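Quick notes on the structure that follows.
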Amino acid sequence: MNKILVIGLKKKFGKFEKKIKISASKILKNLKQDGVQAEIYLLGDRDMKFLNKKFRGKDKAADVLSFNEPKNFVSPPSKFRRIGEVYLNMSDVRCQMLNVRCQMSDVRNRLLIHGLLHLLGYVHKKKNDRIKMEKIEQKLLGQI
């Protein structure tokens, strides 16, 4: 069993919280993760641009950002292993949906998968890593 916290930072994103929590639970289950806790925040372009600038030095809104739980971070005792936070740009989800003519849930799930994979240690700096990560993303999209 995993613990997923989904928080819409704007009232208009609250309607997506339950669906994203269900999707995240399925993703972690399919990745054979048990006993983990992840936090997922839903925000818009302006907030994502701020975070991307502050933490990555890029002056543009990102579609998804992941921040691993810092090692030796002091937190209350829990039966769950905290893996970190995912920030989803819900404005970007709508834009991507319009550009590629797909379901909003497909775009949202793709970004969610991508963010969670980063929390679990997957990277895409090298071509082989990117190919491996994309294959896992595609497989998970088909499972949820």
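Show the residues, 5+ positions off or on another chain, whose built amide H is closer than 5 Å to the amide H of residue 6.
Close amide H contacts, sequence-distant or interchain: 40.
In deg cm²/dmol, rounded to 500, what helix-only [θ] at 222 nm does the chain give when every DSSP H run of at least 4 residues adds -39500 (n - 2.57) and the total is split over its residues?
Details: 5 runs with 70 residues, N = 144.
After summing the helix terms and dividing by the residues of the chain, the value is -15500 deg cm²/dmol.
Within the set 60/125; 32/126; 15/49; 11/139; 10/53; 32/71, which residue pairs have Cα atoms separated by over 27 Å?
Too far apart for the 27 Å limit: 11/139.
In the Gaussian network model of the chain, springs joining C-alpha atoms below 10 Å, which of 68, 89, 128 carries the largest mean-square fluctuation?
The residue with the greatest mean-square fluctuation here is 128.
Could you work out which residue, out of 84, 57, 35, moves most in a Gaussian network model of the chain, that is, has the largest mean-square fluctuation with Cα springs under 10 Å?
57
Of the candidates 75, 91, 25, which one comes out as most mobile in a Gaussian network treatment of the chain with C-alpha springs shorter than 10 Å?
Between 75, 91, 25, it is 75 that shows the largest mean-square fluctuation.
What is the set of long-range amide H partners of residue 36 at a cut-off below 5 Å, with H atoms built 1.01 Å from backbone N?
Correct list: 3, 81.
Below 8 Å, C-alpha to C-alpha, sequence gap of six or more: please give me the relative contact order for the chain in percent.
Once divided by the residue count of the chain, the mean separation gives 23 percent.
Which ordering of 144, 40 is given by a fewest-first count of other beta-carbon atoms within 10 Å?
With the fewest neighbours first, 144, 40 line up as 144, 40.
Could you put 90, 133 in order, starting from the residue whose Cβ has the fewest other Cβ atoms within 10 Å? Can you show the working numbers first?
Working: 90 24, 133 17.
In increasing order of surrounding Cβ atoms, one gets 133, 90.
Quick one: what are the phi-derived ³J(HN,Hα) couplings along the stretch 38-44, Karplus 6.51/-1.76/1.60 with θ = phi - 60°, whole Hz, x for glycine and proline?
10, 10, 10, 10, 10, 9, x
Could you tell me which helices of the chain pass both thresholds, a Cα extent of 18 Å or more along their own axis and a mean Kyte-Doolittle hydropathy of at least -0.5, with helices taken as whole DSSP H runs?
Flagged H segments are 104-119.
Here, each number is a calculation from the coordinates, and none is a lab measurement. These numbers come from a predicted model, not from an experiment. Cβ: placed from backbone, ideal geometry, glycine included. Neighbour counts: every protein chain shown.
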